[in-house]
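**Student:** The structure under discussion is supplied below as structure tokens; questions concerning it will follow.
The values are calculated or read from the model by the stated rules, or taken from the named source; none is laboratory data. Here the structure is a predicted model, which is why all the values come from computation and not from measurement. Here Cβ is always computed from backbone atoms with ideal geometry, including for glycine, and neighbour counts include all displayed protein chains.
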Amino acid sequence: MLTYDVLIVGSGGAGLYAALKSRIEEDLQVAVLTKVYPTRSHTSAAQGGVNAALANKDSTDTWEQHWFDTVKGSDYLADQEAAELMCREAPEVIREMEHWGCPFDRTKAGKIAQRPFGGASKPRACYAEDKIGHVMLHTLYEQGLRHGVNYFNEWVTLSLIHNGQRCLGVNALNTRTGQLHTIQAKAVILATGGYGRVYWNRTSNAYGNTGDGAALAYRAGLPLKDMEFVQFHPTGLRRTGILMSEGARGEGAYLLNALGERFMSRYAPDKMELAPRDLISRAIETEVREGRGGPDAEVFLDLTHLGMERILQRLPQIRQLCIGFEGIDPIEEPIPIKPTAHYSMGGIHTDINGLSPIEGIYAAGESGCVSVHGANRLGGNSLLDILVFGRRAGNHALEYARQNDFQPMITNPLATAEARIQKLMDGESQERTADIRREMGNLMAEKAGIYRVAADLKQAVAGLAELKVRFKRLKVRDKSKIFNTELVAALELENMLDVAEVISQGALERVESRGAHYREDFPKRDDKNWLKHTMATKGSDDRPILDFKPVTISRFQPEERTY
Amino acid sequence: MSEKIIPTREKILANIRIQRFTPDKDRTPYFDNFKVEVETGMTVLEALRLIKNQQDSSLTFRAFCRSAICGSCTVRVNADPVLACSTQLLPIIKDFGKASVTITPMSNLPILRDLVVDIDPVIEKLAKMHPYLMKNKERIPKTLEQESLMSQKELTQFGQLTDCILCGACFSTCSAVKVDKTYAGPLSFAKAYRFSIDPRDSFRGMRIQASMDQGLWSCVQCRKCIKVCPKDIRPADSIRDMRRIAIDDGIHDTPGSRRAKAYTDDVEKFGQVNKPMLPVIVNGTKGWAAIEAAEVGLKKHGLEVTRQVCKLPGQSGSAKVYSKIREIEKKGK
């Protein structure tokens with residue numbers, strides 16, 4: 001049996017940071033298990049920036065203001081002590097990244113440059129052109145190469161093993177050989193990213209952001225927190241959901257419906273295209289619902305009136321994306337766009353050290369929920385979250401692994417994992433992963449997406465239950481042991497179905513509108529009854545049981561969220 | 001006043017020819033043909049996924065971010081390595097007029113299955129280059145109270161090189177990798193160079209050594225890597241620059257550096273390169289064998305052999321250029 005003191009599942013920013021922290025100490029065996037290659041992880045897709053109150057651009061900025069902005073942005077659902085900790089530690093982790101070689105852009109004085117961001121009262125997003133996530137991920141990977149971090153590349157984690165009190169390890173599939181393995185570990189850190197793919201084609205997320213960590217934890221009896229909060233970005237490309245950054249609207253792009261009307265005049269006559277993200281997403285949905293969308297239920301982001309020169313000079317990246325991914329040139333025609341699921345605020349419930357209710361099991365980054373983002377994440381805080389809590393989880397797991405011995409492994413730990421794979425291979429029907437997955441995505445987008453209402457959500461819950469029944473009879477047709485991507489897709493779908501069920505159930509029960517969660521039948525925020533976290537655990541009938549936990553309010557009393 | 005928007009979207013039925021190979025099933029790679037309706041906006045990756053979802057679920061390829069930043073999905077389309085996710089299919093289908101396209105895995109790497117290759121050799125070679133910042137204590141503060149100071153201009157020197165996504169397209173197309181399996185490949189040198197000129201770094205010497213150990217002078221500057229790089233990082237230029245800093249740092253005793261030096265010295269002296277004598281300058285006494293062999297060949301054809309360089313009319317001009325350069329260099333110091 002493979003044995004490690006600390007095993008990290010996931011190789012994005014949080015996982016690599018935790019691994020590096022553990023590895024630099026050198027007295028423990030640490031490994032990273034990832035279903036891709038480390039530099040493929042979705043951290044690389046973050047473009048805009050990472051927040052830290054360095055006060056390089058505006059000397060009056062403080063971490064306390066960052067803290068307030070974060071709490072306000074969260075619609076007061078963030079735990080304030082957790083948000084405080086993140087904002088306080090931010091400058092240190094950013095400087096550490098810089099000392100490791102991260103190529104941040106520079107101010108005239110040679111310090112790390114900072115730019116303004118939505119919802120931030122001061123310019124505090126540190127950036128590297130439009131590729132900050134990419135350079136951060138590569139910096140962590142490079143330092144990992146230096147310090148000899150061990151990787152299991154292209155391994156899929158199948159289950160968490162614990163004895164009710166303590167972590168024992170994981171079961172995993174080596175996709176290159178098709179072999180199953182039990183890996184014994186004193187501590188496991190889940191850093192598997194978000195679950196935007198439950199909306200399948202309506203997401204900016206990578207193919208693999210399938211909520212694996214959340215589903216692993218949920219099936220292992222751990223609680224998931226605030227899963228109903230999913231942030232939608234208003235302008236994703238029609239076919240792929242790839243983001244057209246807010247920069248385009250900042251430069252003066254129009255949002256047009258298929259009739260060619262600047263429809264934002266109906267929803268935000270003053271701010272027009274520069275209204276907040278959630279409001280624009282809802283406006284687009286309304287236009288499409290009322291029959292003013294394009295042939296593919298899209299609306300249009302129009303740059304043509306800006307002229308060739310301005311587009312080439314100010315928005316060259318956006319133009320390249322349109323040409324490469326949509327096959328159109330925005331100089332000549334409007335860009336077809338749809339709102340796209342972008343960020344998962346919810347995740348595995350942890351404390352401020354990333355620790356779950358079971359000793360030795362940790363979660364960090366988008367897969368975890370401390371919570372610092374509450375009902376709505378602020379731009380630039382996702383990269384900060386993975387650094388601060390990746391580091392904290394790494395440090396805490398190390399200390400735990402030092403002070404504790406390996407626990408006895410359960411007998412025949414692989415049995416359930418083997419049975420699960422075998423069942424998929426021998427499925428009794430002709431059901432296909434791709435079909436169930438597409439139907440799940442459409443169901444979630446239509447019934448539990450931007451607009452939510454009780455009747456729809458009930459349909460979502462019922463529809464998912466049906467899809468789960470169909471999944472049980474699904475058959476993987478590819479029988480090869482080697483690099484069986486169809487099998488991996490089926491495993492991911494199983495994860496997503498569990499996560500989607502928790503999202504829908506949470507959205508149904510939360511009868512208020514807060515942050516990214518908008519209920520048409522309950523359009524107001526309700527602090528009296530709903531200033532609390534949703535905690536979902538798996539019931540004996542396979543359905544989520546919801547419980548609620550108060551929000552920690554240490555300084556800022558809830559106010560109306562206006563900008 | 002508003003005008004209705006009617007987007008133009010085309011569809012063409014195309015034949016997609018894909019190389020297949022499953023090691024526990026097939027003896028050798030073969031081709032499968034799939035009919036796909038290719039529409040406006042469809043990328044190569046979308047077509048692959050469509051085939052997998054609807055026609056053959058065992059078709060195997062890698063893909064992750066599908067937005068050209070993760071570097072997973074490199075395949076060859078009509079023999080050119082590209083990111084499948086950011087390559088529009090319709091224009092390719094139309095270009096060839098045959099409504100057909102061929103997709104094969106990357107070259108220069110072992111095939112694991114279908115379009116998936118083993119990229120570990122690339123990463124192993126990269127890892128030998130010390131591809132990470134080693135702190136320069138004069139530039140990086142001791143504590144985390146401060147970041148190191150670096151100007152935007154210093155950053156710009158290597159900024160573009162940090163765009164590398166390790167997709168391997170350059171490795172797949174590299175002429176030097178093809179003939180020499182120990183050669184590091186373009187991206188490893190680009191990464192080595194990126195850190196070597198970072199003012200916060202202190203490990204340049206080690207990286208130059210590692211580069212030479214992995215064939216720094218073997219690159220033939222065919223520049224195919226520049227053509228295929230989806231992030232425009234120009235690896236061949238980095239290789240050239242890496243050679244330059246190696247010579248600047250006083251490494252004059254390798255065949256490549258001797259050749260480079262012979263070129264500049266000869267042009268100064270003769271106005272042209274003394275080609276007949278180049279083998280000796282580059283390879284030492286072993287070079288004589290090459291010269292003598294060449295001379296035998298020439299004599300066979302009744303040609304007169306000389307080891308003298310003829311002076312060209314432009315020689316005084318080049319001498320002038322060189323003296324000007326020396327002057328500027330002196331001032332610079």
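**Student:** Looking only at the range B:106-157, filter to residues that are facing chain A (nearest Cβ under 8 Å) and of a type in the set (Gly, Ala, Ser); which one of those is nearest to B:ASP24 (Cα to Cα)?
**Tutor:** B:ALA127
**Student:** On to the next question. Within the range B:93-119, which residues are touching a Leu at 6+ places or on another chain (Cβ under 9 Å) and either within 26 Å of B:MET206 (Cβ to Cβ) or modelled with pLDDT under 95 (or both)? Steps first, answer last, please.
**Tutor:** First pass over the range B:93-119, keeping only residues touching a Leu at 6+ places or on another chain (Cβ under 9 Å): B:99, B:101, B:103-106, B:114-115, B:117-119.
Across the range B:93-119, the qualifying residues are B:ALA99, B:ILE119.
**Student:** Another one. Please enumerate the residues belonging to the range A:116-139 that are more than 10 Å from every other protein chain (Cβ to nearest Cβ), surrounded by 19 or more Cβ atoms within 10 Å (Cβ to Cβ) and at pLDDT 90 or above.
**Tutor:** Within the range A:116-139, A:LYS122, A:ARG124, A:ALA125, A:TYR127, A:ILE132, A:MET136 meet the criteria.
**Student:** Scan B:LYS261, B:LYS231, B:LYS227 and give me the residue that is among the basic types (Lys, Arg) and part of a loop (DSSP other than H, G, I, E, B). Explain how you work it out, then say what you get.
**Tutor:** Numbers: B:LYS261 fails: part of a loop (DSSP other than H, G, I, E, B); B:LYS227 fails: part of a loop (DSSP other than H, G, I, E, B).
From the options B:LYS261, B:LYS231, B:LYS227, the qualifying one is B:LYS231.
**Student:** Has the range B:288-303 got at least one residue that is surrounded by 19 or more Cβ atoms within 10 Å (Cβ to Cβ) and not in a loop (DSSP other than H, G, I, E, B)?
**Tutor:** Pass one, the range B:288-303, residues surrounded by 19 or more Cβ atoms within 10 Å (Cβ to Cβ): none.
Checked the range B:288-303: no residue is surrounded by 19 or more Cβ atoms within 10 Å (Cβ to Cβ) and not in a loop (DSSP other than H, G, I, E, B).
**Student:** Hey, could you check the range A:104-114 for residues that are within 15 Å of B:GLN146 (Cβ to Cβ) and surrounded by 23 or more Cβ atoms within 10 Å (Cβ to Cβ) and say which is nearest to the other protein chains (Cβ to nearest Cβ)?
**Tutor:** Out of the qualifying residues, it is A:ILE112.
**Student:** So, restricting to strands (runs of 3 or more DSSP E) that lie completely within the range B:1-87, which ones have at least 2 residues that are within 11 Å of chain A (Cβ to nearest Cβ) and not charged (D, E, K, R)?
**Tutor:** In the range B:1-87, B:80-83 are the strands (runs of 3 or more DSSP E) which contain 2 or more residues that are within 11 Å of chain A (Cβ to nearest Cβ) and not charged (D, E, K, R).
**Student:** Okay, next question. I'd like the residue in the range B:132-146 that is buried (at least 16 other Cβ atoms within 10 Å of the Cβ) and closer than 23 Å to A:LEU137 by Cβ and, out of all such residues, is nearest to the chain's Cα centre (by Cα).
**Tutor:** Our first condition is that a residue be buried (at least 16 other Cβ atoms within 10 Å of the Cβ); within the range B:132-146, this holds for B:132-135, B:139-140.
If we keep only those that are closer than 23 Å to A:LEU137 by Cβ too, we end up with B:132-135, B:140.
Values: B:TYR132: 19, B:LEU133: 22, B:MET134: 24, B:LYS135: 27, B:ILE140: 31 Å.
Taking the candidates together, the pick is B:TYR132.
**Student:** Name the residue that is farthest from the other protein chains (Cβ to nearest Cβ), counting only residues in the range A:473-512 that are of a type in the set (Asp, Glu) and in a helix (DSSP H, G or I). Let's see the steps before the verdict.
**Tutor:** Residues of the range A:473-512 of a type in the set (Asp, Glu): A:478, A:486, A:492, A:494, A:498, A:501, A:509, A:512.
Okay, now just the ones that are also in a helix (DSSP H, G or I), so A:486, A:492, A:494, A:498, A:501, A:509.
Working: A:GLU486: 5, A:GLU492: 12, A:GLU494: 16, A:ASP498: 22, A:GLU501: 23, A:GLU509: 34 Å.
Across the range A:473-512, the extreme among qualifying residues is A:GLU509.
**Student:** Quick check: anything in the range A:16-33 within 14 Å of chain B (Cβ to nearest Cβ) and touching an Asp or Glu at 6+ places or on another chain (Cβ under 9 Å)?
**Tutor:** no
**Student:** Being within 26 Å of A:GLU261 (Cα to Cα), within 14 Å of chain B (Cβ to nearest Cβ), of a type in the set (Val, Ile, Thr) and in a helix (DSSP H, G or I): is that true of A:ILE323 here? Please lay out each step first, then the result.
**Tutor:** Details: within 26 Å of A:GLU261 (Cα to Cα): yes; within 14 Å of chain B (Cβ to nearest Cβ): yes; of a type in the set (Val, Ile, Thr): yes; in a helix (DSSP H, G or I): yes.
Criteria met by A:ILE323.
**Student:** Here is a follow-up. Would you tally the residues in the range A:170-216 being more than 12 Å from chain B (Cβ to nearest Cβ), of a type in the set (D, E, K, R) and part of a loop (DSSP other than H, G, I, E, B)?
**Tutor:** Qualifying residue count for the region: 1.
**Student:** Pairs, please: C-beta under 6 Å, at least 6 apart or cross-chain, first residue assigned by TED's automatic domain parsing to the domain that holds B:LEU298 and in the range B:264-288, second among the charged types (D, E, K, R) and in a loop (DSSP other than H, G, I, E, B)?
**Tutor:** B:PRO276/B:ARG307
**Student:** In the range A:173-183, is there at least one residue being in contact with a Gly (Cβ under 9 Å, 6 or more places away or on another chain) and either under 24 Å from A:THR411 (Cβ atoms) or among the charged types (D, E, K, R) (or both)? It would help to see each step written out before you state the result.
**Tutor:** Residues of the range A:173-183 in contact with a Gly (Cβ under 9 Å, 6 or more places away or on another chain): A:182-183.
If we keep only those that are either under 24 Å from A:THR411 (Cβ atoms) or among the charged types (D, E, K, R) (or both) too, we end up with A:182-183.
The answer is yes, given that some residue of the range A:173-183 is in contact with a Gly (Cβ under 9 Å, 6 or more places away or on another chain) and either under 24 Å from A:THR411 (Cβ atoms) or among the charged types (D, E, K, R) (or both).
**Student:** Is there a residue in the range A:243-256 that is aliphatic (A, V, I, L, M), away from chain B (no Cβ under 13 Å) and either under 20 Å from the mean Cα position of the chain (by Cα) or surrounded by 16 or more Cβ atoms within 10 Å (Cβ to Cβ) (or both)?
**Tutor:** Yes, some residue in the range A:243-256 is aliphatic (A, V, I, L, M), away from chain B (no Cβ under 13 Å) and either under 20 Å from the mean Cα position of the chain (by Cα) or surrounded by 16 or more Cβ atoms within 10 Å (Cβ to Cβ) (or both).
**Student:** OK, next. Might you let me know whether the range A:58-70 holds any residue that is of a type in the set (Gly, Ala, Ser) and out of contact with any strand residue (DSSP E or B) (no Cβ under 6 Å at 6 or more places or on another chain)?
**Tutor:** Keep residues of the range A:58-70 that are of a type in the set (Gly, Ala, Ser), which gives A:59.
With out of contact with any strand residue (DSSP E or B) (no Cβ under 6 Å at 6 or more places or on another chain) added as a condition, the list becomes A:59.
Taking every residue of the range A:58-70 in turn, at least one turns out to be of a type in the set (Gly, Ala, Ser) and out of contact with any strand residue (DSSP E or B) (no Cβ under 6 Å at 6 or more places or on another chain).
**Student:** Among the candidates A:GLY354, A:GLY390, A:GLY368, A:GLY394, which residue alone is at positive phi, touching a Phe, Trp or Tyr at 6+ places or on another chain (Cβ under 8 Å) and surrounded by 24 or more Cβ atoms within 10 Å (Cβ to Cβ)?
**Tutor:** Every option except A:GLY354 fails the conditions.
**Student:** Just to be sure before I move on: is A:LEU306 crowded, with 18+ Cβ neighbours inside 10 Å, more than 26 Å from the chain's Cα centre (by Cα) and either among the aliphatic types (A, V, I, L, M) or within 14 Å of chain B (Cβ to nearest Cβ) (or both) in the structure I sent? Show your work before the answer.
**Tutor:** Working: crowded, with 18+ Cβ neighbours inside 10 Å: yes; more than 26 Å from the chain's Cα centre (by Cα): yes; either among the aliphatic types (A, V, I, L, M) or within 14 Å of chain B (Cβ to nearest Cβ) (or both): yes.
The answer is yes for A:LEU306.
**Student:** Restricting to the range A:309-323, count the residues that are within 30 Å of A:LYS447 (Cβ to Cβ) and either surrounded by fewer than 21 Cβ atoms within 10 Å (Cβ to Cβ) or at pLDDT 95 or above (or both).
**Tutor:** 0
**Student:** Further, regarding this structure: Being in contact with a helix residue (DSSP H, G or I) (Cβ under 9 Å, 6 or more places away or on another chain), on the phi < 0 side of the Ramachandran plot and hydrophobic (A, V, I, L, M, F, W, C) is the filter here; which residues of the range A:200-229 pass it? First the steps, then the outcome.
**Tutor:** If we filter the range A:200-229 for residues that are in contact with a helix residue (DSSP H, G or I) (Cβ under 9 Å, 6 or more places away or on another chain), which is where we start, we get A:200-219, A:222-224, A:226-229.
Subset that is on the phi < 0 side of the Ramachandran plot: A:201-210, A:212-219, A:222-224, A:227-229.
Answer for the range A:200-229, where residues must be in contact with a helix residue (DSSP H, G or I) (Cβ under 9 Å, 6 or more places away or on another chain), on the phi < 0 side of the Ramachandran plot and hydrophobic (A, V, I, L, M, F, W, C): A:ALA206, A:ALA214, A:ALA215, A:LEU216, A:ALA217, A:LEU222, A:LEU224, A:MET227, A:PHE229.
**Student:** So A:GLN65 clears everything in (1) within 13 Å of chain B (Cβ to nearest Cβ); (2) more than 23 Å from A:THR139 (Cβ to Cβ) except one condition, right? Which one?
**Tutor:** Only one criterion in (1) within 13 Å of chain B (Cβ to nearest Cβ); (2) more than 23 Å from A:THR139 (Cβ to Cβ) is unmet by A:GLN65, namely (1).
**Student:** Looking at this structure, is A:GLY252 farther than 28 Å from B:ARG66 by Cβ, in a loop (DSSP other than H, G, I, E, B) and at pLDDT below 95? Steps first, please.
**Tutor:** Values: farther than 28 Å from B:ARG66 by Cβ: yes; in a loop (DSSP other than H, G, I, E, B): yes; at pLDDT below 95: yes.
Judged against the criteria, A:GLY252 is a match.
**Student:** Is it true that B:ALA84 is out of contact with any Gly (no Cβ under 8 Å at 6 or more places or on another chain), surrounded by fewer than 24 Cβ atoms within 10 Å (Cβ to Cβ) and in the same structural domain as B:ARG17 (by TED's automatic domain parsing)?
**Tutor:** Details: out of contact with any Gly (no Cβ under 8 Å at 6 or more places or on another chain): yes; surrounded by fewer than 24 Cβ atoms within 10 Å (Cβ to Cβ): no; in the same structural domain as B:ARG17 (by TED's automatic domain parsing): yes.
The answer is no for B:ALA84.
**Student:** In the range A:35-66, what residues are among the β-branched types (Val, Ile, Thr) and farther than 12 Å from B:CYS65 by Cβ? So that I can check it myself, show each step before the final result.
**Tutor:** If we filter the range A:35-66 for residues that are among the β-branched types (Val, Ile, Thr), which is where we start, we get A:36, A:39, A:43, A:50, A:60, A:62.
The answer is A:VAL50, A:THR60, A:THR62.
**Student:** Do any residues in the range A:80-96 that are within 14 Å of chain B (Cβ to nearest Cβ) have Cβ atoms under 7 Å from those of residues that are assigned to a helix (DSSP H, G or I) and of a type outside the set (A, V, I, L, M), where the two are at least six apart or on different chains, and which pairs are they?
**Tutor:** Close Cβ pairs (under 7 Å, with a partner that is assigned to a helix (DSSP H, G or I) and of a type outside the set (A, V, I, L, M)) amount to A:ARG88/A:TRP63; A:ALA90/A:TRP63; A:ALA90/A:HIS66; A:VAL93/A:ARG391.
**Student:** Looking at this structure, is B:ILE93 assigned to a strand (DSSP E or B), assigned by TED's automatic domain parsing to the domain that holds B:ARG17 and within 21 Å of B:LYS11 (Cα to Cα)? Steps first, please.
**Tutor:** Details: assigned to a strand (DSSP E or B): no; assigned by TED's automatic domain parsing to the domain that holds B:ARG17: yes; within 21 Å of B:LYS11 (Cα to Cα): yes.
For B:ILE93, the condition - assigned to a strand (DSSP E or B), assigned by TED's automatic domain parsing to the domain that holds B:ARG17 and within 21 Å of B:LYS11 (Cα to Cα) - is not met.
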